[in-house]
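Below: one structure, written as structure tokens.
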Amino acid sequence: MIIKTAILTVSTRGSKGERTEDTSGAAVKEIMARIGGKVVDYRVIPDEKNQIIAELRRMADIVKAELILTTGGTGFSPSDITPEATLEVIHKRVPGFEEAMRMQSFATTPHAILSRAVAGIYQSSLIINLPGSPKGVRENLEVILEAIPHGIKVLRGGLMHDPEHQFNPE
Amino acid sequence: MIIKTAILTVSTRGSKGERTEDTSGAAVKEIMARIGGKVVDYRVIPDEKNQIIAELRRMADIVKAELILTTGGTGFSPSDITPEATLEVIHKRVPGFEEAMRMQSFATTPHAILSRAVAGIYQSSLIINLPGSPKGVRENLEVILEAIPHGIKVLRGGLMHDPEHQFNPE
Amino acid sequence: MIIKTAILTVSTRGSKGERTEDTSGAAVKEIMARIGGKVVDYRVIPDEKNQIIAELRRMADIVKAELILTTGGTGFSPSDITPEATLEVIHKRVPGFEEAMRMQSFATTPHAILSRAVAGIYQSSLIINLPGSPKGVRENLEVILEAIPHGIKVLRGGLMHDPEHQFNPE
């Protein structure tokens with residue numbers, strides 16, 4: 001199974017080229033490769049709400065990415081606005097990804113609960129916010145990795161109903 | 001204590017009679033009996049948002065069910081719309097039920113975080129979404145079962161203030 | 001580090017003086033002192049939505065409290081309305097505080113999931129709902145205590161980017 005994946009790094013400094021290497025984006029790419037994630041698009045943009053919204057829609061509507069992973073802009077800084085931008089795009093929320101990432105990280109890192117990361121579905125694309133640090137990206141993405149392929153399959157509408165499941169699969 | 005309970009099975013196939021037995025609805029009934037749940041209404045309807053909304057309101061306003069448990073339509077399938085319908089009905093959200101069901105199930109079942117189930121209060125009725133499979137229904141309902149009677153009692157408005165609790169019980 | 005803290009006790013009975021001592025508010029004050037919390041404002045008001053909204057805004061806009069902790073009004077009682085009032089004030093939600101408090105308490109207290117407490121950011125102030133009982137206040141506040149000072153620092157906008165964090169700290 002191949003998962004068409006887009007990565008959106010949200011960072012005002014990164015978008016200005018003040019950092020030479022996007023190690024968080026690289027971490028996403030590396031981990032996703034394990035479950036068949038193929039990076040079909042990648043952008044670094046500043047913490048501007050309207051720009052984030054436009055990129056998420058473009059990656060879903062034009063690029064047809066099945067999975068869009070954002071990094072950065074999920075914290076308490078006055079400029080952090082990625083979750084609010086994501087909420088304006090998605091029409092179905094997936095709180096389970098959010099809860100699992102925070103609660104698993106919280107067991108070892110008390111500051112993990114400061115992440116305001118959001119996850120949800122827009123059209124046929126699953127959008128998940130990840131923290132901005134490579135360590136945070138790794139910790140969080142590992143937690144939900146196993147559930148992603150199944151979610152994408154059901155989202156495609158092509159998953160057969162499990163006979164064990166009466167009426168409805170989830 | 002008797003809890004007036006309504007069960008709403010959301011399943012397009014079930015509503016067409018393509019499944020002969022609603023084992024998820026039966027699982028709800030069986031588990032609820034343990035805490036005094038008396039099933040006063042039961043319906044199987046398709047994954048149609050407006051129909052779900054109308055049924056939830058009818059079960060609360062006309063049937064006066066104190067607890068409304070839905071099964072099905074909480075996943076990633078394009079037709080799954082039960083949480084969004086529920087969100088349009090409730091005026092107070094109860095995230096604790098949602099979190100507890102997902103996080104407990106997640107400990108043994110990685111796919112459990114794909115459930116987008118919602119819980120909340122509409123008028124004097126507590127509405128809780130459950131997954132569509134009997135296994136999912138059992139796993140999830142067991143987690144929150146102990147807290148339900150207390151919640152219903154407080155919702156009725158008849159619970160005495162616990163003397164240990166200064167000012168307010170919760 | 002000193003954290004300018006305001007306490008808002010929401011209790012119709014408390015506001016009428018029917019309880020002589022606000023032990024929940026006292027518990028907040030005592031625990032917050034451990035991380036430099038300095039109580040700059042304290043009010044007891046009834047469970048009236050508009051009054052709660054007005055007090056939260058006043059404590060943030062006029063008193064300039066960096067942290068506003070409410071107690072009470074988060075449960076299933078028909079009059080409980082603190083979360084809904086808080087949701088109308090905040091413009092950024094902080095679900096991690098909510099999840100951590102409920103899930104940690106739930107491990108020992110099944111009724112903990114009945115708390116509908118909300119947390120979020122309004123302007124430069126962090127607002128967190130706590131339960132109404134002193135026991136609930138203690139249990140919940142202890143869980144999130146370690147993360148609060150870091151959150152406040154980032155909210156102030158004065159936190160240096162951690163060199164380990166590429167692009168963005170959270």
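The values are calculated or read from the model by the stated rules, or taken from the named source; none is laboratory data. Everything numeric here is computed off the predicted structure, so don't read it as measured data. Virtual Cβ from ideal backbone geometry, glycine too; neighbours counted across all protein chains shown. These accessible areas exclude ligands, DNA and RNA; they are computed on the full protein's heavy atoms, side chains included. Shrake-Rupley method; radii C 1.70, N 1.55, O 1.52, S 1.80 Å.
Okay, residues lined up against (1) modelled with pLDDT of 95 or more; (2) within 13 Å of the chain's Cα centre (by Cα):
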residue: A:LEU114; (1), (2): yes, no
residue: A:VAL118; (1), (2): yes, yes
residue: A:GLN123; (1), (2): yes, no
residue: A:LEU126; (1), (2): yes, yes
residue: A:SER133; (1), (2): no, no
residue: A:GLU142; (1), (2): yes, yes
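Tell me, which residue of the stretch B:46-55 that is more than 14 Å from B:ALA6 (Cβ to Cβ) and within 14 Å of chain A (Cβ to nearest Cβ) is surrounded by the fewest Cβ atoms within 10 Å (Cβ to Cβ)?
B:LYS49
Considering only residues that are within 17 Å of C:MET32 (Cβ to Cβ) and open to solvent by 10 Å² or more (accessible area, probe 1.4 Å), which ones fall in the stretch C:61-71?
Listed by number, the residues that qualify are C:VAL63, C:LYS64, C:GLU66.
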It is to be established whether one or more residues within the stretch A:70-84 are touching a residue at least 12 places away in the same chain (Cβ under 8 Å), within 21 Å of A:ILE152 (Cβ to Cβ) and touching a Ser or Thr at 6+ places or on another chain (Cβ under 6 Å).
yes
Residue list for the stretch B:9-45, restricted to those being assigned to a helix (DSSP H, G or I) and either open to solvent by 70 Å² or more (accessible area, probe 1.4 Å) or in contact (Cβ under 8 Å) with a residue 60 or more places away in the chain (or both)
B:THR12, B:THR23, B:SER24, B:ALA26, B:ALA27, B:VAL28, B:LYS29, B:GLU30, B:ILE31, B:MET32
Kindly establish whether B:GLU146 is open to solvent by 30 Å² or more (accessible area, probe 1.4 Å) and either more than 9 Å from every other protein chain (Cβ to nearest Cβ) or touching a strand residue (DSSP E or B) at 6+ places or on another chain (Cβ under 9 Å) (or both).
no
Could you tell me which numbered condition A:PHE106 fails, if it satisfies all but one of (1) within 15 Å of the chain's Cα centre (by Cα); (2) aromatic (Phe, Trp, Tyr); (3) at the interface with chain C (Cβ under 9 Å from one of its Cβ atoms)?
(1)
When residues of the stretch C:72-97 are filtered for being at the interface with another protein chain (Cβ under 7 Å from one of its Cβ atoms), touching a strand residue (DSSP E or B) at 6+ places or on another chain (Cβ under 7 Å) and open to solvent by 10 Å² or more (accessible area, probe 1.4 Å), how many remain?
3
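Given the criterion among the basic types (Lys, Arg) and within 11 Å of chain A (Cβ to nearest Cβ), identify the matching residue among B:ARG58, B:ARG34, B:ARG13, B:ARG43.
Details: B:ARG58 fails: within 11 Å of chain A (Cβ to nearest Cβ); B:ARG34 fails: within 11 Å of chain A (Cβ to nearest Cβ); B:ARG43 fails: within 11 Å of chain A (Cβ to nearest Cβ).
Matching residue, one of B:ARG58, B:ARG34, B:ARG13, B:ARG43: B:ARG13.
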What's the total number of residues in the stretch B:115-152 that are part of a helix (DSSP H, G or I), in contact with a His (Cβ under 9 Å, 6 or more places away or on another chain) and under 27 Å from A:VAL154 (Cα atoms)?
3
